[in-house]
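The values are calculated or read from the model by the stated rules, or taken from the named source; none is laboratory data. Treat the numbers as computed from the prediction; the structure is a model and nothing was measured. Positions of Cβ are generated from backbone atoms using ideal geometry, with glycine treated the same way; all protein chains shown enter the neighbour counts.
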Amino acid sequence: MYEFEMQAAVDLARKAGEAILRHYSAPKIVAENKIGIDERDEPVTAADIEASRIIVDGLNATFPDDAILSEEETDETDGRMASDRVWIVDPIDGTAGFIKKDDDFAVQIGLAEAGKPVVGVVFVPARNTLYFASGGHGAFIEEGRRSPERLSVSDKTDLSEMDIAVSRDHRSPKMTRIIGTLGLRSEIGRGSVGIKIGMIAEQVCDLYIHISHRTKFWDTCAPQIILEEAGGKITDLFGTPFRYDRSHVMNLNGIVASNRVAHDATIEKLIPILNELGRARLTRAA
């Protein structure tokens with residue numbers, strides 16, 4: 001089940017990645033500002049736009065009955081909400097890293113069915129690394145020309161022995177406080193949400209916490225199914241599962257991704273820290 005969807009997503013992610021790398025090889029990457037869905041300035045490049053068109057056009061041609069949500073396209077909310085199947089696309093997750101040429105960006109393509117992710121592809125073009133998963137069939141990593149290897153999260157439960165993936169470009173003093181209070185062993189900074197969650201799936205890290213309200217569906221949909229199929233778990237900061245059948249696409253209550261066995265304990269220890277920091281649960285009509 002979902003083999004055809006998976007292969008289509010992988011092919012489109014690689015095709016988009018080729019286009020992105022052509023822009024990446026230019027002496028300088030020119031970025032413009034756009035107003036994001038949260039009405040905040042965000043960088044966008046010609047590579048974002050071209051990659052989005054490649055993916056969206058390809059999905060439309062192959063799955064004409066499915067809805068599509070892409071960061072760089074207008075959200076046709078009514079059509080999306082009326083569809084049981086929605087492709088959710090971030091053509092370049094980690095645009096800041098792309099602009100700085102630090103290799104730390106990814107193409108993300110997810111398929112949500114009845115509000116839950118069932119297919120996920122995260123492709124890192126500069127490193128030729130592919131994470132992919134589909135519901136009930138496991139998660140895998142393919143690096144370069146090596147054969148795919150099945151992913152499985154760690155079994156660590158002691159926070160003092162766990163490593164956390166953190167944002168390379170958006171680190172805040174609040175995050176420093178959380179890491180220190182939880183007593184985690186070490187941290188690794190990366191750009192893309194998909195890459196950070198992928199590191200949990202391949203046991204490079206054990207945990208990822210993002211306290212901002214600014215991530216969107218396209219940041220988490222594809223990585224979520226990859227992590228879950230590797231045995232991990234992802235919720236908001238307060239332990240509520242993500243769903244992708246809401247009209248608004250913002251993950252208002254942050255992200256906690258883990259190896260599952262330490263998830264509940266992490267949430268339990270995190271709540272009082274969030275209270276001290278004034279990070280309350282945010283609500284918005286569905």
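Among the listed residues Ile68, Ile55, Ile29, which satisfies the condition of being surrounded by 15 or more Cβ atoms within 10 Å (Cβ to Cβ), hydrophobic (A, V, I, L, M, F, W, C), assigned to a loop (DSSP other than H, G, I, E, B) and assigned by TED's automatic domain parsing to the domain that holds Ala114? Being surrounded by 15 or more Cβ atoms within 10 Å (Cβ to Cβ), hydrophobic (A, V, I, L, M, F, W, C), assigned to a loop (DSSP other than H, G, I, E, B) and assigned by TED's automatic domain parsing to the domain that holds Ala114 holds for just one of Ile68, Ile55, Ile29, which is Ile29. Of the residues Ser192, Ser167, the single one that is surrounded by 15 or more Cβ atoms within 10 Å (Cβ to Cβ), farther than 14 Å from Leu207 by Cα and among the hydroxyl-bearing types (Ser, Thr, Tyr) is Ser192.
State all residues of the stretch 9-38 that are of a type in the set (Gly, Ala, Ser) and under 19 Å from the mean Cα position of the chain (by Cα); if no residue qualifies, say none.
Matches in the stretch 9-38: Ala9, Ala13, Ala16, Gly17, Gly36.
Within the stretch 1-26, restricting attention to residues that are part of a loop (DSSP other than H, G, I, E, B) and either closer than 22 Å to Thr215 by Cα or of a type in the set (A, V, I, L, M) (or both), the residue that is modelled with the lowest pLDDT is Met1. Exactly one residue out of Ile211, Ile195, Ile234, Ile179 is outside the structural domain of Val121 (by TED's automatic domain parsing), in contact with a helix residue (DSSP H, G or I) (Cβ under 9 Å, 6 or more places away or on another chain), of a type in the set (A, V, I, L, M) and more than 16 Å from Ala139 (Cβ to Cβ), and it is Ile211. For the stretch 195-212, taking the residues that are in a loop (DSSP other than H, G, I, E, B) and among the charged types (D, E, K, R), the one that is surrounded by the fewest Cβ atoms within 10 Å (Cβ to Cβ) is identified as Glu202.
Does Thr240 meet the test of being among the β-branched types (Val, Ile, Thr), surrounded by fewer than 18 Cβ atoms within 10 Å (Cβ to Cβ) and modelled with pLDDT of 95 or more? In short, yes.
Taken over the stretch 206-236, residues that are farther than 19 Å from Asn259 by Cβ and not small (Gly, Ala, Ser) amount to 9.
Would you mind finding the one in Arg145, Arg185, Arg127 that is among the charged types (D, E, K, R), surrounded by fewer than 22 Cβ atoms within 10 Å (Cβ to Cβ), in the same structural domain as Asp93 (by TED's automatic domain parsing) and touching a residue at least 12 places away in the same chain (Cβ under 8 Å)?
Step by step, each of Arg145, Arg185, Arg127 is checked, and only Arg127 is among the charged types (D, E, K, R), surrounded by fewer than 22 Cβ atoms within 10 Å (Cβ to Cβ), in the same structural domain as Asp93 (by TED's automatic domain parsing) and touching a residue at least 12 places away in the same chain (Cβ under 8 Å).
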